[in-house]
Amino acid sequence: MSNEVQKLRNELVVEFPGRTRQIDTLINLFGEPMEKTPPSIFIHGNRALGKTEIVKNLFKRGFPTHHYSFLNCKLYFQLDDIFEVSLKHLSGKKHKCKNVDEYATILQEICETAEETRYMIFDNAELLWNLSQTLVSIILNLPQWVFSDSCDLIDLFRIIPDIYQKFIQPINEGRVSINDYSLLFDELKPYLESALDNLYSQYITPLIENQIPTWSIYLLIAAFLASYIPQSLDKRLFSREYEKRKHTRKGRKKVSNALKFNEQFTGPQASEMERIFAIFQSIHQDSVVPYILLLQQTETFVASRVFTRTTPVERKDVQSFRCNLSYNYIKQISRFINFDILRYLDDTL
């Protein structure tokens with residue numbers, strides 16, 4: 001703890017007697033301006049205990065003005081006011097937002113251009129639900145909107161020894177020549193898919209078990225379909241006419257053949273974000289999901305390594321992604337939400 005933070009702590013302890021433990025907890029959570037903090041903190045308790053004043057004084061004395069926004073939700077009755085005031089607190093500039101999507105986008109820009117952590121404090125935060133059903137979800141998920149091009153090689157290194165043993169097993173048994181790469185790959189492919197599924201399931205299964213919204217699973221499926229289905233088939237598969245049309249075995253077999261070729265010879269392909277979202281809108285028709293939530297969930301899947309970003313983060317006009325999940329795993333999560341993926345894929349894939 002720096003001398004400045006220690007001085008702040010002592011001042012707060014003197015000013016708010018009996019709250020030493022709570023003050024120490026808050027200071028440990030927020031740390032220095034350059035340090036990372038928990039993405040969200042919910043402070044609750046009975047009234048008139050000093051919760052608001054302690055937090056307000058902590059930030060007023062310990063953090064630069066534009067590093068935080070403090071809003072009492074009892075004083076604001078319109079979303080526009082929440083948007084304008086909080087953004088001005090954080091940037092020192094006046095911003096106009098038409099909707100929640102624009103608000104989240106500007107917040108993201110502010111955080112990306114700042115080296116120090118930015119904080120948003122909402123007093124009487126439960127009132128936000130009365131203003132918007134999506135605002136709270138967006139604010140809570142904003143810290144997960146992380147841009148990363150890196151891959152966790154540690155996890156890959158863990159499975160490489162087993163994969164190598166499976167790779168050389170046909171050679172040691174004399175069934176395949178050391179130079180017959182095609183047969184070696186055919187032998188290895190089922191095991192490789194299973195190993196990668198187990199690797200990716202470490203990240204996606206906890207998300208499902210933690211009851212992520214059902215639409216998030218549809219987004220996974222949409223990305224898989226976009227990765228394997230040639231774009232030339234989109235109109236046929238995802239149009240409204242296709243939804244109304246009875247699916248014949250002949251038609252499905254034709255699609256399956258195209259998909260099988262795509263997987264065996266070119267592997268999963270990267271697809272533009274807008275195409276993934278369009279497929280999502282086609283297969284998920286229960287309710288409209290705000291665009292900004294789709295963006296945030298996509299970034300969460302990138303951070304969880306079930307999606308791979310194939311375009312530079314700095315490129316804002318087009319973003320492309322590839323789904324890393326196998327067909328078998330997609331079938332599993334499709335059954336989880338009772339989604340008939342065989343309407344689009346054939347089980348011979």
Enumeration of residues in segment 231-248 that are modelled with pLDDT of 60 or more and either of a type in the set (Ser, Thr, Tyr) or not in a helix (DSSP H, G or I) (or both): Ser232, Ser239
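So, Leu26, is that one assigned to a helix (DSSP H, G or I) and closer than 25 Å to Leu127 by Cβ or not?
Details: assigned to a helix (DSSP H, G or I): yes; closer than 25 Å to Leu127 by Cβ: yes.
Spelling it out, Leu26 is indeed assigned to a helix (DSSP H, G or I) and closer than 25 Å to Leu127 by Cβ.
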Within segment 79-102, tally of residues that are closer than 17 Å to Tyr68 by Cβ, in a helix (DSSP H, G or I) and not polar (S, T, N, Q): 8
Every residue from segment 272-298 that is more than 12 Å from Leu219 (Cα to Cα) and either aliphatic (A, V, I, L, M) or crowded, with 19+ Cβ neighbours inside 10 Å (or both): Val288, Ile292
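Given Val302, Val255, which one is modelled with pLDDT under 80 and not assigned by TED's automatic domain parsing to the domain that holds Ile106? Show your work before the answer.
Details: Val302 fails: modelled with pLDDT under 80.
When all the criteria are applied, what remains is Val255.
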Matching residues, segment 70-94, being surrounded by fewer than 18 Cβ atoms within 10 Å (Cβ to Cβ) and under 21 Å from Leu293 (Cβ atoms): Leu79, Asp80
Residue count, segment 197-214 (criterion: surrounded by 15 or more Cβ atoms within 10 Å (Cβ to Cβ) and modelled with pLDDT under 70): 8
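The values are calculated or read from the model by the stated rules, or taken from the named source; none is laboratory data. Predicted, not measured: the structure shown is a model, and the values here were computed from it. We place every Cβ from the backbone using ideal geometry, glycine too, and count neighbours over all the protein chains shown.
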